[in-house]
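Report on the structure given below.
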Amino acid sequence: MLLEERERRKTENKLASYLPYTKQRLFHKFGLTCPERLLRAGNQMGKTHAGGAEMAYHLTGLYPDWWEGRRFETPISAWAACDTGKTTRDNPQRVLLGDPGVWGTGWIPKERITGIKRAMGTPDLVDTITVKHRTGGLSRLGFKTYEERRESWQGPPKHVIWADEEMPEALYGEALARLTATRGLIYTTFTPMKGTTGLVRRLMTPGEGKADINMTIDDAEHIQVEERQKIIDRYPAHERKARIFG
């Protein structure tokens, strides 16, 4: 029974066991000095994994001893977003809450989730959640999509915005405006399959307050060295640079 209890606790609080790879840790660290960050990585290299872990730390205030990035000492208001309702559900929502039916098995510890409000339309999509911060107050996270009209991205200030997959430039501008009063953070995690877009140029151009972290297959420690070339060979030649090397 003791072993079963340990496994249950591990499942319901995986955040406590997060140990980032070198590039993921660098990405988190830049949050201290860079309000705009890009984790540019190949497919299945760990970008959404890192993005979700960081959001969970900010929502709960349960930062680990190794954390060198930005800290919020009070509850926050945040957004997490992706292209569509389905991709928002299957990517940022999944890594934060777990799969539908087993919510509380993602990065946010189950005992910290105090409320879940479902969204309309897409099955199992969540609209907002409330999370107990270490101070006793409640953080609030809303799930957004890029399909929503620009007006829906206007409104109250946010402390943190996480865009998983490349965001349209018009929405990115609205997101930045939501962070002005709080001096908040926006970070984006994606594989640049659309080429050198305006947003990619903005985030990859060196400048004060911005950081571009490139994570390749060689930085993904969960992929065995002997498997890496096999993975590279699976992709068409014209896609390899983006899918493998971000």
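Here are the numbers:
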| item | result |
| --- | --- |
| With DNA, RNA and ligands ignored, accessible area of Asp90 (1.4 Å probe; Å², nearest 10) | 50 |
| The stretch 106-155, accessible surface, carbon-and-sulfur percent (1.4 angstrom probe) | 46 |
| Over 23 Å between alpha carbons, listed pairs Lys158/Lys210; Lys23/Lys158; Lys117/Lys194; Lys29/Lys194 | Lys23/Lys158; Lys117/Lys194; Lys29/Lys194 |
| Gained length - Val102 relative to Thr205, 0.36 nm times residue gap less alpha-carbon distance | 33.0 nm |
| Average accessible surface area per residue within the stretch 121-192, 1.4 Å rolling probe, Å² | 41 |
| Rg over Rh, two decimals, the stretch 116-222 (C-alpha only, Kirkwood Rh) | 0.99 |
| Shape of the stretch 23-112, Cα gyration tensor, a/c cut at 1.5 | oblate |
| The stretch 12-105 - percent of accessible surface contributed by carbon and sulfur, probe 1.4 Å | 52 |
| Distance (nanometres) between label positions extended 7 Å along Cα→Cβ at Asn214 and Arg150 | 3.2 |
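The values are calculated or read from the model by the stated rules, or taken from the named source; none is laboratory data. These numbers were taken from a predicted model, which means no experiment stands behind them. So basically every Cβ, Gly included, is an ideal-geometry build from the backbone, and we count neighbours across all protein chains shown. Surface accessibility is based on the protein's heavy atoms, side chains included, excluding ligands, DNA and RNA. Shrake-Rupley method; radii C 1.70, N 1.55, O 1.52, S 1.80 Å.
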